[in-house]
Amino acid sequence: MYRRPIHIKAEPGKVAEKVIVVGDPDRTTFIASFLKNAEKVNTHRGFLVYTGEHEGTKISVACHGVGAPSAAIVFEELVMLGARTMIRLGTTGALIPDLHRGDIVIPSGAAYFQTSPILQLTENVIVPAVPDIELTYDLYRYVRERSKRNVVLGNVISNDMFYMESPDLAKKLSRLGIISIEMECATLFTISRLRNIRSCALLLVSNSLVNPEESEIPHSGVINEYYSEIIPVVLDFLAKT
């Protein structure tokens with residue numbers, strides 16, 4: 001294993017123990033604007049990382065890009081730089097009719113397909129991709145008590161084949177008790193277990209694969225309106241955790 005990061009060029013001590021990880025570099029900058037004294041500590045390879053403070057607690061925000069391979073690099077290197085708690089703040093597509101745009105999903109586990117790079121870690125073993133249980137349930141309760149939005153705890157699936165998602169796939173997955181689809185949680189949860197750190201996720205429902213009127217993903221301005229409400233809640237949670 002590499003001893004030092006080769007993609008995130010942050011200096012030692014510049015990445016906090018508590019990190020919010022997101023896929024979109026623009027959203028990384030947007031979330032960093034909620035921090036006090038935010039400093040940009042990495043731009044290399046487009047993996048933006050900011051570090052600032054919230055309620056006296058040092059917190060970083062890092063961009064992991066799209067999909068498992070990109071995200072795996074960032075999660076591993078953040079751990080090398082001192083991250084010990086990571087929360088993925090992302091979007092997800094609903095697979096069940098009861099989930100609607102703007103709802104919040106807290107993943108209790110993340111399924112993944114047999115083509116996932118996670119399977120490269122073992123031979124003939126399907127690794128359970130589960131977040132830190134205590135952290136996940138604490139986040140669920142904390143957000144449910146402080147948000148007016150519908151907050152649901154349930155299993156998601158991580159899928160690298162973005163344009164292969166369809167209503168037919170949604171029906172098959174929902175029969176397995178999977179409520180929404182995204183791209184990076186399984187990787188985050190697996191790496192966190194392997195590296196002995198804590199992780200969990202909060203996902204905003206951006207669109208639906210089963211409700212036709214909500215099938216389109218809205219532009220980033222609409223998504224950021226949803227995030228504007230939830231970002232302070234997540235920061236407060238991290239500062240208290």
Name the residue that is surrounded by the fewest Cβ atoms within 10 Å (Cβ to Cβ), counting only residues in segment 20-38 that are in contact (Cβ under 8 Å) with a residue 40 or more places away in the chain and under 18 Å from L188 (Cβ atoms). D24
Going residue by residue through segment 227-238, is there one that turns out to be hydroxyl-bearing (S, T, Y) and over 28 Å from R175 (Cβ atoms)? yes
Selection from segment 39-53 of residues that are closer than 22 Å to Y227 by Cα and either buried (at least 19 other Cβ atoms within 10 Å of the Cβ) or β-branched (V, I, T) (or both): F47, L48, V49, Y50, T51, G52
Check segment 48-59 and report whether any residue there is closer than 14 Å to M183 by Cβ and not hydrophobic (A, V, I, L, M, F, W, C). no
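Tally up the residues in segment 140-170 that are hydrophobic (A, V, I, L, M, F, W, C), at pLDDT 95 or above and crowded, with 18+ Cβ neighbours inside 10 Å, please. Working first, answer last.
Taking segment 140-170 and keeping what is hydrophobic (A, V, I, L, M, F, W, C), we get 143, 151-153, 156-157, 161-162, 164, 169-170.
Filter once more, so that each one left must be at pLDDT 95 or above: 143, 151-153, 156-157.
Checking the rest, the ones that are also crowded, with 18+ Cβ neighbours inside 10 Å come to 143, 151-152, 156-157.
Total meeting the criteria: 5.
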Select from segment 200-241 the residues that are among the aromatic types (F, W, Y) and over 25 Å from F162 (Cα atoms) and list them in ascending order. F237
Please find, among L202, L173, the residue that is crowded, with 16+ Cβ neighbours inside 10 Å, within 18 Å of the chain's Cα centre (by Cα) and under 22 Å from P97 (Cα atoms). L202
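Please work out if L135 is surrounded by 23 or more Cβ atoms within 10 Å (Cβ to Cβ) and either more than 22 Å from L194 (Cα to Cα) or modelled with pLDDT of 95 or more (or both). So that I can check it myself, show each step before the final result.
Values: surrounded by 23 or more Cβ atoms within 10 Å (Cβ to Cβ): no; either more than 22 Å from L194 (Cα to Cα) or modelled with pLDDT of 95 or more (or both): yes.
Spelling it out, it is not the case that L135 is surrounded by 23 or more Cβ atoms within 10 Å (Cβ to Cβ) and either more than 22 Å from L194 (Cα to Cα) or modelled with pLDDT of 95 or more (or both).
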I'd like to check which strands (runs of 3 or more DSSP E) are fully inside segment 42-99 and have at least 3 residues that are among the small types (G, A, S) and at pLDDT 95 or above. 85-94
Residue check for G56: surrounded by fewer than 18 Cβ atoms within 10 Å (Cβ to Cβ), of a type outside the set (A, V, I, L, M, F, W, C) and either touching a His at 6+ places or on another chain (Cβ under 9 Å) or more than 27 Å from V222 (Cβ to Cβ) (or both): yes
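The values are calculated or read from the model by the stated rules, or taken from the named source; none is laboratory data. Keep in mind that what you see is a predicted model, and the values were worked out from it rather than measured. We place every Cβ from the backbone using ideal geometry, glycine too, and count neighbours over all the protein chains shown.
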